[in-house]
1. List the residue pairs whose Cβ atoms are under 6 Å apart, where the first residue sits in segment 160-176 and is under 30 Å from S17 (Cα atoms), the second is in a helix (DSSP H, G or I) and open to solvent by 100 Å² or more (accessible area, probe 1.4 Å), and the two are 6 or more positions apart or on different chains.
2. When you scan segment 125-141, do you find a residue that is among the basic types (K, R), within 18 Å of the chain's Cα centre (by Cα) and within 18 Å of L58 (Cβ to Cβ), even just one?
3. How many residues, within segment 79-107, are in contact with a helix residue (DSSP H, G or I) (Cβ under 7 Å, 6 or more places away or on another chain), in a helix (DSSP H, G or I) and in contact (Cβ under 8 Å) with a residue 40 or more places away in the chain?
4. Within segment 79-101, count every residue that is of a type in the set (G, A, S) and modelled with pLDDT under 90.
5. Give me the residue from segment 23-43 that is out of contact with any Leu (no Cβ under 7 Å at 6 or more places or on another chain), in a helix (DSSP H, G or I) and in contact (Cβ under 8 Å) with a residue 60 or more places away in the chain and, out of that set, surrounded by the fewest Cβ atoms within 10 Å (Cβ to Cβ).
6. Of the conditions (1) in contact (Cβ under 8 Å) with a residue 40 or more places away in the chain; (2) of a type in the set (D, E, K, R); (3) exposed (fewer than 12 other Cβ atoms within 10 Å of the Cβ), R75 fails just one. Which one is it?
7. Using the structure shown, decide if H93 is within 21 Å of the chain's Cα centre (by Cα), surrounded by 14 or more Cβ atoms within 10 Å (Cβ to Cβ) and more than 21 Å from T21 (Cα to Cα).
8. Looking only at segment 126-165, filter to residues that are in contact with a Pro (Cβ under 9 Å, 6 or more places away or on another chain) and at pLDDT 85 or above; which one of those is least open to solvent (accessible area, probe 1.4 Å)?
Amino acid sequence: MPPTPAPPAPFAMPQQSMIKTFAPMVVLYAMRGIDFAADEKALLILRVAFGVCHAIALLLSLFLLMRISQTKDMRTVTVEGEKQPFHEHDRRHILQGLKTLVMTCAIVIGMHAKWSYYNPLVLTSLQAILGFVDGPSAKLLSAHVFGKDIDRPFETPQPPSWLQDKKAELTEKKEKSDGNAKKTKSKKAN
C-alpha cells in the first residue's frame, strides 16, 4: 500500500517570505529597550540607517531600471489580456516599486518629523532592503543582474483563504443590512 501524502500546511509560506515576515518583529523586539527620545546618538544612528537603507533600495531600483532599458527583451507576456514585451513588463514593476518606495519614505519622514515615531523608521528600512530578497524586485534582480530565466507575469500575493472568507462574509452582511435598510425606508414612505 503506497503511503498517503501529508496534507498541505494551511499557512505554508516560502522560506524567504518567513524572513521578510519575522525579521521586522525580531528587530523591534531587540530594540524595545532603546529610548530614542533620550538618547541622541541612538536616534542619529536610526536616522542614518533609515537613509542608507532607502538609498540602497533606490539605487538598486534605478540600476535595475537602467539594465532593463538596455536589454530590451522583446519576448512577450500576456498580462490582463494585453501582450507586453518583457522589458515593458519589468519596467512597470520597477517603476511601481520606485513609487511605493518614495511614497513610503515621504510618509514615514512626515510621521517622524510631526509625531516623533521611531518604529516606522525601523520597519520601512527593513522592508526596503528585504523587498530585494522576495517578490518582483528579487526576481528582476536575479534576471537582469545574475542572468537567470524567470517566469512572467509575476504572481500577485494572495491573502490567506481565511481572510478572503472573512471579507466575503462581511460583504454579504453589508449587502443584507443595506437591503433591510431600503425595505424599512420604503415601508416608512408608504
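The values are calculated or read from the model by the stated rules, or taken from the named source; none is laboratory data. Please read these numbers as outputs of a predicted model, since none were measured by experiment. Here the Cβ is made from the backbone with ideal geometry for all residues, glycine too, and neighbour counts use every protein chain on show. Side chains are part of the model used for accessible areas, which takes the heavy atoms of the whole protein and leaves out ligands, DNA and RNA. Shrake-Rupley method; radii C 1.70, N 1.55, O 1.52, S 1.80 Å.
1. Nothing qualifies.
2. The initial filter retains those residues of segment 125-141 that are among the basic types (K, R), namely 139.
Next cut, within 18 Å of the chain's Cα centre (by Cα) only: 139.
Subset that is within 18 Å of L58 (Cβ to Cβ): none.
Checked against the condition, which is being among the basic types (K, R), within 18 Å of the chain's Cα centre (by Cα) and within 18 Å of L58 (Cβ to Cβ), segment 125-141 yields no hits at all.
3. Initial filter on segment 79-107 (in contact with a helix residue (DSSP H, G or I) (Cβ under 7 Å, 6 or more places away or on another chain)): 79, 87, 90-91, 93-94, 97-98, 101, 104-105.
Add one more test, that the residue is in a helix (DSSP H, G or I), and what stays is 87, 90-91, 93-94, 97-98, 101, 104-105.
With in contact (Cβ under 8 Å) with a residue 40 or more places away in the chain added as a condition, the list becomes 90, 93-94, 97-98, 101, 105.
Qualifying residue count for the region: 7.
4. Step one: of segment 79-101, the residues of a type in the set (G, A, S) are 81, 97.
Going one step further and asking which of them are modelled with pLDDT under 90, we end up with 81.
Matching residues across segment 79-101 total 1.
5. In the first step, residues of segment 23-43 are kept if they are out of contact with any Leu (no Cβ under 7 Å at 6 or more places or on another chain); the result is 25-26, 28-35, 37-43.
Those left that are additionally in a helix (DSSP H, G or I): 25-26, 28-30, 40-43.
Now narrow it down to the ones that are in contact (Cβ under 8 Å) with a residue 60 or more places away in the chain: 28, 43.
Numbers: L28: 14, L43: 18.
Filtering first and then ranking leaves L28.
6. Only one criterion is unmet by R75, namely (1).
7. Values: within 21 Å of the chain's Cα centre (by Cα): yes; surrounded by 14 or more Cβ atoms within 10 Å (Cβ to Cβ): yes; more than 21 Å from T21 (Cα to Cα): yes.
Yes.
8. Among them, the one singled out is L130.
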